[in-house]
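For reference, the structure is listed below as structure tokens.
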Amino acid sequence: MLAPSNYSNICRKTIMRVKDIMKRNVITISENENLDQLTAKFIKYNFHTLPVTDNNRILGIVSYEDLMKIFHTHDYALQELKKSTRSDNAKNNGFLEYGLQMNLGSTVTVSDIMNTDIVTAEYNMTLIEVRTLMKRSGVSQMPVIKDDTLVGFITLFDIIIALFRVMDIIE
């Protein structure tokens, strides 16, 4: 395992910045899109988190976990659903049997469930700065902004891969 001091030394020597390793082609979603559209994007792109934007301005983040917010008024239903998905008690029950509305996919919007308390990375931050921010904030991914505009997305995995490349562990 890479010791924290070695990590810092490598980052300082190379002066790697967020802009050098971030993903630039960010798939986003609008706050007005519904759950059907959200889940379609999750499936199509195999993501579990998407930035919510309006004209490239970051409004929030939405994740698989945020989808669970639709169950808040259905605590009993959620418990029953959890029971039904256990491998030892697997039943083929649908959501409708738990009292959930049939049209949730088209009536609930991203703005209803998104997280607006987000942390963003600045385009020119060093990897040490962004990793410290991730650690303090308890996140492993974040949108990257430049002049208050979304320009990319960075994850802890991106940072690890960049460090492995610098150390010639991987190509």
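The values are calculated or read from the model by the stated rules, or taken from the named source; none is laboratory data. For clarity, every value in this text was computed on a predicted model and none was experimentally measured. So basically every Cβ, Gly included, is an ideal-geometry build from the backbone, and we count neighbours across all protein chains shown.
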With the requirement that a residue be touching a residue at least 60 places away in the same chain (Cβ under 8 Å) and either farther than 19 Å from I27 by Cα or touching a Leu at 6+ places or on another chain (Cβ under 6 Å) (or both), what does segment 132-143 give you? P143
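Go over the candidates D36, D20 one by one and state the one that is within 21 Å of I145 (Cβ to Cβ) and assigned to a helix (DSSP H, G or I). Steps first, answer last, please.
Working: D36 fails: within 21 Å of I145 (Cβ to Cβ).
Only one candidate passes the filter, namely D20.
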Being aromatic (F, W, Y) and surrounded by 18 or more Cβ atoms within 10 Å (Cβ to Cβ) is the requirement here; does F153 meet it? yes
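Quick one: would you say T39 is hydroxyl-bearing (S, T, Y), modelled with pLDDT under 95 and over 17 Å from I70 (Cα atoms)?
Numbers: hydroxyl-bearing (S, T, Y): yes; modelled with pLDDT under 95: yes; over 17 Å from I70 (Cα atoms): no.
No, not satisfied.
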